[in-house]
Amino acid sequence: MINERLFKHYRIDTTKNLKIDKRCPRPFDTVLIDKQGSCYACECTSWLPQSIGNLQIKSLGDIIGSAMHQHLQSSIDDGTYRYCNEHQCSYIKSGAVLHGRPERIQHLRLAIDDSCNLRCPSCRKGLIFHKDGSAYNLGIRLANRINDWLRDHQHPLQVHIGSDGDPFASHVYRHFMEQTPERENINYSILTNALMFKDFAPRVPYVIRNLNELGVSIDGATKDTYERLRLGGKWDKILEGLECISEQKIKHGFRFIFHFVIQKDNYHEMEAMIDLGEKYGADRVWLNKIEDWGTTDDFHTQNIWQTPDYLSHLDRVIARIQARGNDRFIECPTLVTEQARRKNKN
Ligand code: SF4
Ligand code: SF4
């Protein structure tokens with residue numbers, strides 16, 4: 001049954017018709033599992049917030065292709081996209097909805113533990129770290145159920161680890177990676193703050209050898225900004241982590257991505273972040289605007305998006321994108337679209 005309360009919470013009108021003629025592949029190729037075991041047919045729970053089943057009660061095999069899963073897929077097939085959150089989905093917002101006809105699930109996204117060694121103000125109000133207790137026990141049970149399913153899964157699959165906490169700090173994700181089966185059809189992608197990469201990666205060589213992509217969320221290109229925004233992080237340690245990842249990338253050939261969340265205290269470092277990405281041999285630098293996760297009472301102070309200083313920094317970033325021949329080393333489609341709209345209006 002559709003959870004109307006949830007859609008109201010996200011201000012999603014489920015009677016709308018966006019009339020999108022492309023077929024977004026996500027409800028067909030992606031399952032995301034959250035820390036309660038709820039499964040979603042999109043890459044972000046707030047973009048398509050209806051659960052398609054819970055892993056505490058059902059197996060992944062039963063959840064994939066369930067009646068609710070098919071119902072959400074039909075809202076993409078008919079072009080209405082009525083359950084999608086047009087206020088938050090980056091693809092809808094940038095007018096660049098993907099198109100594809102995947103036949104089966106190709107991406108499993110794990111968000112089963114929010115433990116992290118940092119406490120970035122943009123993400124949480126204090127330290128969250130589960131080493132024991134109910135959240136830890138549930139995380140371990142979910143990790144085991146996922147690994148059970150992976151042991152028998154026959155088709156190519158990419159497992160994404162860590163959109164909610166840090167995979168190398170979390171004891172749940174460490175357990176998952178230490179127990180995950182060695183299968184030729186399974187690859188991994190990891191999003192990390194990189195501070196514990198050097199210490200923990202040698203304990204999971206199979207995962208590192210089969211990495212498709214390693215993303216580092218960083219948010220500061222200088223010691224001062226980095227240590228202010230990544231509370232608990234040390235600049236020397238992150239540089240050591242980047243160096244180590246850079247060496248491993250050369251050895252194993254995974255894609256190395258920088259993620260920079262733009263906010264009022266770091267927008268002036270967008271270009272320095274691009275320099276840092278070039279210095280450490282990254283394949284891409286993603287720039288995204290900060291989103292309101294309800295962790296601060298003064299989020300409105302982040303609204304710097306119309307200030308002349310921010311706009312001139314953005315112009316310089318766009319000039320760099322053009323100077324590189326739009327090679328997609330620098331990715332910020334939403335910002336570029338917004339800037340183009342602004343200029344068309346004037
Ligand atoms: S359009 Fe956006 S919200 Fe809808 S399924 Fe695709 S990625 Fe998810
Ligand atoms: S490193 Fe990532 S997961 Fe950890 S607190 Fe910061 S933003 Fe959140």
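Tabulated results
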read-out	value
Within the accessible area of the range 152-192 (1.4 Å probe), percent carbon and sulfur	40
Coil-residue trypsin sites (Lys or Arg not before Pro) of the range 287-346, DSSP, other Cβ within 10 Å capped at 13	Arg324, Arg328
Alpha carbon convex hull of the range 104-203, volume per residue in cubic angstrom	101
Counted charge near Trp47, where neighbours are those whose Cβ lies closer than 11 Å (Asp, Glu -1; Lys, Arg +1)	0
Local net charge near Gln56, Cβ-Cβ under 10 Å (Lys/Arg +1, Asp/Glu -1)	+3
Orientation-averaged projected area, Cα convex hull of the chain (nm²)	17.8
Cross-link partners of Lys223 among lysines (Cα-Cα below 26 Å; sequence separation of 8 or more within a chain)	Lys125, Lys198, Lys234, Lys237, Lys249, Lys264, Lys279, Lys289
The chain - accessible surface per residue (Å², probe 1.4 Å)	47
Approximate shape of the range 206-346 as ellipsoid semi-axes (Cα gyration tensor, √5λ), whole Å, largest first	27, 20, 13
For the range 46-171, alpha-carbon Rg relative to the globular expectation (2.2 N^0.38 Å, N residues)	1.21
Long-range Cα-Cα pairs in the range 1-114 (distance over 21 Å), rounded percent	30
Portion, in percent, of the accessible area of the range 27-73 that falls on carbon or sulfur, probe 1.4 Å	49
Binned Cα-Cα distance frequencies in the range 38-91 - 5 Å width, integer %	4, 21, 28, 25, 13, 7, 1
Rounded FRET efficiency, nearest 0.05, which uses the C-beta distance separating Arg151 from Arg324 and R0 of 41 Å	0.40
Three principal axis lengths of the range 90-129 [C-alpha, angstrom, descending]	41, 25, 10
Tail fraction, Cα-Cα pairs, the range 270-314, threshold 12 Å, whole percent	71
Net lengthening on full extension, Asp315/His300 (0.36 nm per residue, minus Cα-Cα)	3.1 nm
Kirkwood Rh in Å, taken over all unlike Cα pairs in the range 122-269	16.4
Fraction in percent of alpha-carbon pairs per bin - 5 Å, the range 144-224	3, 14, 26, 26, 16, 9, 4, 2, 1, 0
Relative frequency of Cα-Cα separations exceeding 13 Å in the range 101-153, percent	69
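The values are calculated or read from the model by the stated rules, or taken from the named source; none is laboratory data. Computed from a predicted model, the values in this text were never measured in an experiment. Heads up, the Cβs are rebuilt from the backbone with ideal geometry, glycines too, and the neighbour counts pull from every protein chain shown. Only protein heavy atoms, including side chains, enter the accessible area calculation; ligands, DNA and RNA are left aside. Shrake-Rupley method; radii C 1.70, N 1.55, O 1.52, S 1.80 Å.
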